[in-house]
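Following: one structure in structure tokens, then a few remarks.
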Amino acid sequence: MKQIVVISGKGGTGKTVFTASLAVLAESKVLADCDVDAADLHLILKPVIVQTDNFVGGKAFEINRDICIKCGKCIQFCRFKAISADFIIDPIFCEGCGLCKRICPVNAISESDRICGQSYISNSKYGPFAHAKLDIAEGNSGKLVSKVRQAAKKIALQKKLDYVIIDGTPGIGCALIASIAGVDLAVVVVEPTISGIHDMQRVLDVAAHFKVVSKVVINKFDINLENCAEIEEVCKIKGVEIIGRIPFSRQVSESIVKCIPMVEYVDMPIREKIIAIWEKIKIYTQM
Amino acid sequence: MNNHSNIVISIASGKGGTGKTTLAVNLALSLANVEVLDCDVEEPNVHLFLKPKIRHEDKAYLLVPEVEKEKCDFCGICQEVCAYNAIAVLKPTSKTKGNVLVFAALCHSCGACSLLCPQKAIKEVKKEIGVVVNGGLESIDFVGGRLNVGEAMAPPLIEQVLKCISRTKTVIIDAPPGASCSMISAVKESDFCILVTEPTPFGLNDLILAVEVLRKLKISFGVVINRSDIGDSAVLDYCVREDIVVLMQIPFEEKIARAYSQGITIVDILPEYKDKFRSLNNQIIRIIAKRNGFGYIKKNETNCCN
């Protein structure tokens, strides 16, 4: 079983659209949407949920105002400014460290599990699918990403599937690190814009930092050929191979609006390019 | 929320790549005499388009524990109080000396371990997580954060960028994508948030998440639809249904897309857009004034015709 993650650094370069195409092309796989902050893959896969679990992201704390003597110690020591002057803990800013509860001289603070969202296991036309939703204004997405990945991996092992295909997160922080840790291959989707190149470099560095092998796919390559040359240059210096170039097409936007995987919607020349990329990925992951 | 007489506008989106940075930079160039804060510290891009002159770069730190082994009696309280599994105590045995391991990447800098250590054996030391860059371009001030490669925690760095918030100039904050901790950190001080979206099912799905976050935070907001003619009408229908103000629609233009790919702004190639961005700002000022009483208008409104 091999794990492949699709990432980009910059958002909106085509991660989810590309992942959905792999969902069509790979034969034996489980899919995972790790962009739990703003998950979109389900819009294309149209999953039927078979199992829902609460995601406990940490602890929630509450001040019992009948016991509280308003000494102010909790307010003074809370580094996250989560406790108001009238002794109410704001869950949006509380990071769940629990220091307030431990230093309260009259034990006025209670704790409970903090449910930050739900994780799901679903069936889809394209195979089993692990995904999640963070509740509104909740955090700890890195931990939820790990939970989704564990669920996907478990399904792959149980059903003896060849691939876990992961739609990753933008950025380079905790959620991204959680989505690439320990994968067999990271496919970086980049667009030939100066911000796309800038962000690709950073995410390639993060992948290298965590010893993850990356390959690059240039999306909408023909909108700026000079920038493509720069991407090639950067990749050469970093020793990263470019495994495909997908041209700009209005059909791709249309496929998104219709929520159809791009590879099932676009004309043959583009479809062939995507199939060729998948063939290369198969070789690199040696299945 | 901001307690000062100037206006703080954040720009967020839910979905990435919808045009947050484009809007932030073009709005700044249209208004002038503003401060731009790049709070997308994982993938900062404002500088690529604004091209500010960098005046200084300061390292940003997070406080993490350091254990003085000679004072430590390996009681294990630090490990017990750490909610993030960032500190582990190996108790001494007949064969081995005890040890305390700190996993700095997991530390949230809450201070519990150092405060609660009975032996006072833990002090907090600075760990570099990124840099805060200060610069500007003519009347536009620029402050941006850049998270170091391999660092996980963006919110503490965003906090440090926000410490530079101006008390006099209009402030424009470029927020990170998503609708979770980093986005919340970036928008929470603002008087108004512009949500940039595109008219696709992805854009709508993530817009709804961002709207729900802002409603929970009680921050006023409006929507800008970018590439407004590439998709369907679902975003507009949603805004009408939810009584959300659509501040501006920017149709797709190949000229804009090509310029963007080279780091050239909309107002550079289509200067007539300056008036549109100014009137966007004026709409926001009116919305805030309506909410707060009318003190703001005279001071901050820019004349569309100058």
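Under the condition of being within 12 Å of chain A (Cβ to nearest Cβ), touching a strand residue (DSSP E or B) at 6+ places or on another chain (Cβ under 6 Å) and closer than 16 Å to B:E68 by Cα, the residues counted in the stretch B:85-119 number 2. Evaluating A:P170 against the criteria (1) outside any helix (DSSP H, G or I); (2) more than 8 Å from chain B (Cβ to nearest Cβ) leaves one unmet condition, (2).
Of all the listed residues (A:I242, A:I237, A:I256), the sole one being of a type in the set (A, V, I, L, M, F, W, C), touching a strand residue (DSSP E or B) at 6+ places or on another chain (Cβ under 6 Å) and at negative phi is A:I242.
For (1) under 19 Å from A:G173 (Cβ atoms); (2) surrounded by 24 or more Cβ atoms within 10 Å (Cβ to Cβ); (3) within 16 Å of the chain's Cα centre (by Cα), each residue gets a yes or a no:
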| site | (1), (2), (3) |
| --- | --- |
| A:V5 | yes, yes, yes |
| A:G11 | yes, yes, yes |
| A:S21 | no, yes, no |
| A:L31 | no, yes, yes |
| A:V36 | yes, yes, yes |
| A:N54 | no, no, no |
| A:K59 | no, no, no |
| A:E62 | no, no, no |
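Checking the conditions here, which among A:I194, A:I260, A:I243, A:I275 is farther than 22 Å from B:Q262 by Cα, in contact with a Leu (Cβ under 8 Å, 6 or more places away or on another chain), at pLDDT 95 or above and not basic (K, R)? From the options A:I194, A:I260, A:I243, A:I275, the qualifying one is A:I275. So for the stretch A:246-257 (the condition being within 25 Å of B:E151 (Cα to Cα) and modelled with pLDDT of 95 or more), does at least one residue qualify? The answer is no; no qualifying residue exists. Only one of the listed residues (A:S84, A:S141) is among the hydroxyl-bearing types (S, T, Y) and within 26 Å of B:Q79 (Cα to Cα). That residue is A:S141. Inside the stretch A:13-32, residues that are within 13 Å of chain B (Cβ to nearest Cβ), over 17 Å from A:V183 (Cα atoms), in contact with a Pro (Cβ under 9 Å, 6 or more places away or on another chain) and of a type outside the set (V, I, T) make up a count of 1. Can you say whether A:K143 is touching a residue at least 40 places away in the same chain (Cβ under 8 Å) and within 30 Å of A:H198 (Cβ to Cβ), as far as the supplied structure shows? Yes.
Looking only at the stretch B:216-257, how many residues end up being of a type outside the set (G, A, S), assigned to a loop (DSSP other than H, G, I, E, B) and either touching a Phe, Trp or Tyr at 6+ places or on another chain (Cβ under 9 Å) or outside the structural domain of B:E198 (by TED's automatic domain parsing) (or both)? Don't jump to the end; show me each part of the working.
Going through the stretch B:216-257, the residues of a type outside the set (G, A, S) turn out to be B:216-219, B:221, B:223-227, B:229-230, B:232, B:235-256.
Subset that is assigned to a loop (DSSP other than H, G, I, E, B): B:218-219, B:227, B:229-230, B:232, B:242-245, B:251-253.
From what's left, either touching a Phe, Trp or Tyr at 6+ places or on another chain (Cβ under 9 Å) or outside the structural domain of B:E198 (by TED's automatic domain parsing) (or both): B:219, B:227, B:229-230, B:244-245.
Of the residues in that region, 6 qualify.
Residues of the stretch B:257-300 that are at pLDDT below 95 and under 19 Å from B:N26 (Cβ atoms): B:A257, B:R258, B:N300. In the list B:F221, B:F192, which residue meets the criterion of being free of Cβ contacts under 8 Å to residues at least 60 places away in the same chain and either surrounded by fewer than 22 Cβ atoms within 10 Å (Cβ to Cβ) or on the phi < 0 side of the Ramachandran plot (or both)? The conditions single out B:F221. Within the stretch A:164-191, the set of residues being of a type outside the set (A, V, I, L, M, F, W, C) and crowded, with 24+ Cβ neighbours inside 10 Å comprises A:D167, A:G168, A:T169, A:P170, A:G171, A:G173, A:S179, A:E191.
I need a count of the residues in the stretch A:249-259 that are in contact (Cβ under 8 Å) with a residue 12 or more places away in the chain and either facing chain B (nearest Cβ under 9 Å) or under 16 Å from B:L204 (Cα atoms) (or both).
Final tally of qualifying residues: 3.
Here is a yes/no grid of residues against (1) polar (S, T, N, Q); (2) in a helix (DSSP H, G or I); (3) assigned by TED's automatic domain parsing to the domain that holds A:D162; (4) closer than 25 Å to B:C181 by Cβ:
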{"position": "A:H42", "(1), (2), (3), (4)": "no, yes, yes, yes"}
{"position": "A:C68", "(1), (2), (3), (4)": "no, no, no, no"}
{"position": "A:F93", "(1), (2), (3), (4)": "no, no, no, yes"}
{"position": "A:P105", "(1), (2), (3), (4)": "no, no, no, no"}
{"position": "A:F129", "(1), (2), (3), (4)": "no, no, yes, no"}
{"position": "A:K133", "(1), (2), (3), (4)": "no, no, yes, yes"}
{"position": "A:A137", "(1), (2), (3), (4)": "no, no, yes, yes"}
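Here the stretch B:179-236 is the region considered, the condition is being closer than 22 Å to B:S166 by Cα and of a type in the set (V, I, T), and the residue that is nearest to the other protein chains (Cβ to nearest Cβ) is B:I184.
Determine, yes or no, whether A:I103 is over 20 Å from B:P156 (Cα atoms), among the hydrophobic types (A, V, I, L, M, F, W, C), more than 9 Å from chain B (Cβ to nearest Cβ) and more than 29 Å from the chain's Cα centre (by Cα).
Working: over 20 Å from B:P156 (Cα atoms): yes; among the hydrophobic types (A, V, I, L, M, F, W, C): yes; more than 9 Å from chain B (Cβ to nearest Cβ): no; more than 29 Å from the chain's Cα centre (by Cα): yes.
It is false that A:I103 is over 20 Å from B:P156 (Cα atoms), among the hydrophobic types (A, V, I, L, M, F, W, C), more than 9 Å from chain B (Cβ to nearest Cβ) and more than 29 Å from the chain's Cα centre (by Cα).
From the set of residues in the stretch B:13-67 that are in a strand (DSSP E or B) and within 11 Å of another protein chain (Cβ to nearest Cβ), which is surrounded by the fewest Cβ atoms within 10 Å (Cβ to Cβ)?
Initial filter on the stretch B:13-67 (in a strand (DSSP E or B)): B:14, B:34-38, B:53-67.
This time we only want the ones that are within 11 Å of another protein chain (Cβ to nearest Cβ), so: B:14, B:62-63.
Working: B:G14: 28, B:L62: 21, B:L63: 17.
Per the stated criteria, the residue is B:L63.
Considering each residue of the stretch B:267-282 in turn, at least one proves to be in contact with a Ser or Thr (Cβ under 7 Å, 6 or more places away or on another chain), away from every other protein chain (no Cβ under 14 Å), among the β-branched types (V, I, T) and assigned to a helix (DSSP H, G or I).
A single entry from B:K255, B:K274 fulfils the requirement of being surrounded by 14 or more Cβ atoms within 10 Å (Cβ to Cβ) and more than 17 Å from B:A12 (Cβ to Cβ): B:K274.
The values are calculated or read from the model by the stated rules, or taken from the named source; none is laboratory data. Being a predicted model, the structure only gives us computed values, none of them experimental. Every residue, glycine among them, receives a Cβ derived from its backbone with ideal geometry; neighbour counts consider all protein chains shown.
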